[in-house]
1. Restricting to the chain, what percent of DSSP beta bridges are antiparallel, rounded to 5?
2. For the chain, what is the number of Lys pairs with C-alpha distance below 17 angstrom, counting only pairs 8 or more positions apart or on separate chains?
3. Give the carbon-plus-sulfur fraction of the accessible surface of the chain in %, rounded to a whole number; probe 1.4 Å, heavy atoms of protein chains only.
4. In sequence order, what are the phi-derived ³J(HN,Hα) couplings for region 115-127 according to the Karplus relation 6.51 cos²θ - 1.76 cosθ + 1.60 with θ = phi - 60°, rounded to whole Hz, with x for glycine and proline?
5. Suppose all protein chains stay in the model; what accessible area per residue would a 1.4 Å probe give for region 1-129, in Å²?
6. With a 10 Å cut-off between alpha carbons and a GNM built on the chain, which of LEU189, LEU61, LEU219 moves the most?
7. Looking only at region 54-161, where both bridge partners belong to it, what percent of the DSSP beta bridges are antiparallel (to the nearest 5)?
8. Once you have the alpha carbon radius of gyration of region 108-187, what is it after dividing by 2.2 N^0.38 Å, with N set to its residue count?
Amino acid sequence: MLVDGKWTAAWQPVQATDAKGGFVRQISSFRSWVTPDGSAGPTGDAGFRAESGRYHLYAALVCPWATRVLISRRLKKLEDVVSVAIVEPVLTDEGWRFGDDPGANRDTLNGATYLHEIYTKADPHFTGRATVPALWDKDRKTIVNNESADLLRIFNSGFGALADDTVDLYPEDLRVEIDALNEAIYPALNNGVYRAGFATTQAAYEDAFAAVFAMLDQLERRLAAGPYLFGARLTETDIRAFVTLARFDAAYFGQFKCNLRRIAEYPNLSAYLKRLIAIPAFRHTFILDHIKRGYYSIKSLNPTRIVPVGPELEWAPRS
């Protein structure tokens, strides 16, 4: 963790807990938006105009929050507009590291070894955890935004004519419904698996566990009505659901103790994952090796760092 711009202690997955011993996630610190004309977005400062080659995304293939943004980048055909650096999957005592692991990169842009160096370049007095995703502005040499929910929408609409306008992940007529379903899925499932895995009391764990499976049951019923969560239209909510569901059997079932049922036991959710993984943007950002090695490298949960051989995922592409 960084304190006033200095690395102070070995990386730990849990930095804060609530009164019941529940996991509390750090609030994102950089909240400006890229917009077509450089005007201010819903939060943060103005001055981040959409330009090809100006922005650089720091991401991790193991991380569901970062993968949300990688998927939207591909769906919106922004690969040649926004460059990317991928950190290694195994967390070190200094957090995310750049390197030569297959699928990862060196940081040739800023010359950093660890992601936390990018945060102190943006703010020499930064205090907190250095997280992915983080969108870097090459011109102003700062982090624009490190909140994945914001970045999903920035990539959807913030790059204007530079992006593919045939794909709209947040259509105006569905926004109220999308926001409502996102608000339900996030605490119960997206963050719920983390609340279960990083709980420090039995009560906090059981509360999170119950919420996870209540939401899985709800999504299973919902998907009986159509191919996606909003019928025939693919939206940002499908991306948000996919990144958690796709990691569930390989990581959360065992490592995070979410072991009542596997996704393989849900027919509609399994078929849903199979439909989504057939879309190149989803398939090319799902790297099972990174996911398994990354989650099972968390020393507080798995001191031996032994990575399980299984499971076989019926819906996933064979490497």
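1. Numbers: 16 of 22 bridges.
The answer is about 75 percent antiparallel.
2. Summing the qualifying lysine pairs gives 5.
3. That share works out to 52 percent.
4. Calculated HN-Hα couplings, in order: 4, 4, 5, 5, 5, 6, 5, 6, 8, x, 10, 4, 10 Hz.
5. Averaged over the residues of region 1-129, the accessible area is 43 Å².
6. LEU219
7. About 65 percent, rounded to the nearest 5.
8. 1.36
The values are calculated or read from the model by the stated rules, or taken from the named source; none is laboratory data. In this text, all values refer to a predicted model and were calculated from it rather than measured experimentally. Remember, those area values only see protein heavy atoms, side chains included, never the ligands or the DNA or RNA. Shrake-Rupley method; radii C 1.70, N 1.55, O 1.52, S 1.80 Å.
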